[in-house]
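Encoded as structure tokens, here's the structure I'll be asking about.
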Amino acid sequence: MVSKIGAAGGGKTYKKNRPVNYYGVLSVIVVLGIASVVLARYDYQNPGATASGPVPTVGTTWYAALTFDICGVSAPLLPVDPKYRGGFTVEANDIIRIAPVAAADAGNHATVAQFANEYPGLVASSSQLAIPETNGYATAATTYHNGQVCPKGHGVPTSIAGKTAHIEYAYWRTFAQTTPTITTDPSTIKFSNEMEVTMAFLPKGATPARPSAAQVNAMVAANAAASATTTTLPVTSTTTSVTTTTVASTTTTSTPVTTTTAQG
């Protein structure tokens, strides 16, 4: 019976009555399927581009705190460059001023990776972390690669010394967040206002240190100062002229009346 049904289904009668939109529906399904796969692949490769939350636009001024955790030891702060006029400016205490000046460092492009690209001498990737010194250049002693071993001494904790380390990036978006979000790709970290960031070179399982309380206080103070800045509008004073009208007074002179009495 199955063979009869199959034969009947492929007969001339079925071909004549086949729906006109049959192939059209199939084409739509195929196109939607391909589009969903392409979109999913793009979202996977560009997670920051579709992440929720506000993004800094040109004209926005935000602040973030930055620190470096190299084998359990805080690295020296980045040199301040007062002449730099890009979208990211490093201020005292490694406070990052986020003020996009173009589309390249605004919106979804305002990432930790973009900050590193703009800061002279700083290299921050999934395989390398190079920290510039006061002369603006990183040295072999301040450049780290995955697979290197944390040295012994120099303040390195014994639990870390001698272990193989790798590069990672930790961030805290709120003060209440106690456990950092950790990634090896800085391009996926979009800046948010008053965010704390740590660039780290640590053995697997070690938790990167958070920026210090002094840095956080400086960040909050800088943000409060920026928020308190207001634009004073000029006050226009309008003077209305008053016209005084003087009415001339008229003086009336009375003429004496003479009465003549006729005598009889």
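Among the candidates 206, 213, single out the residue that is more than 22 Å from residue 99 (Cα to Cα) and in contact (Cβ under 8 Å) with a residue 40 or more places away in the chain. Reasoning before the result, please.
Values: 213 fails: in contact (Cβ under 8 Å) with a residue 40 or more places away in the chain.
Checking each option against the conditions leaves just 206.
Looking at segment 140-162 only, could you name the residues that are within 11 Å of residue 201 (Cβ to Cβ) and of a type in the set (S, T, N, Q)?
If the condition is that a residue be within 11 Å of residue 201 (Cβ to Cβ) and of a type in the set (S, T, N, Q), then 142, 143, 146, 148 are the ones that fit.
Another question, then. Looking only at strands (runs of 3 or more DSSP E) that fall completely inside segment 161-211, which ones have 1 or more residues that are open to solvent by 60 Å² or more (accessible area, probe 1.4 Å)?
Numbers: elements: 165-172, 181-183, 195-203.
Per the criteria, 181-183.
Moving on to the next point. What number goes with the only condition from (1) modelled with pLDDT of 95 or more; (2) over 23 Å from the mean Cα position of the chain (by Cα); (3) open to solvent by 50 Å² or more (accessible area, probe 1.4 Å) that residue 259 does not pass?
The one condition residue 259 does not meet is (1).
The values are calculated or read from the model by the stated rules, or taken from the named source; none is laboratory data. Remember, predicted model here, so these are calculated numbers, not experimental data. Neighbour counts are summed over all protein chains in view; Cβ atoms, including those assigned to glycine, are modelled from backbone coordinates with ideal geometry. Surface areas here come from the heavy atoms of the whole protein model, side chains and all, with no ligands, DNA or RNA. Shrake-Rupley method; radii C 1.70, N 1.55, O 1.52, S 1.80 Å.
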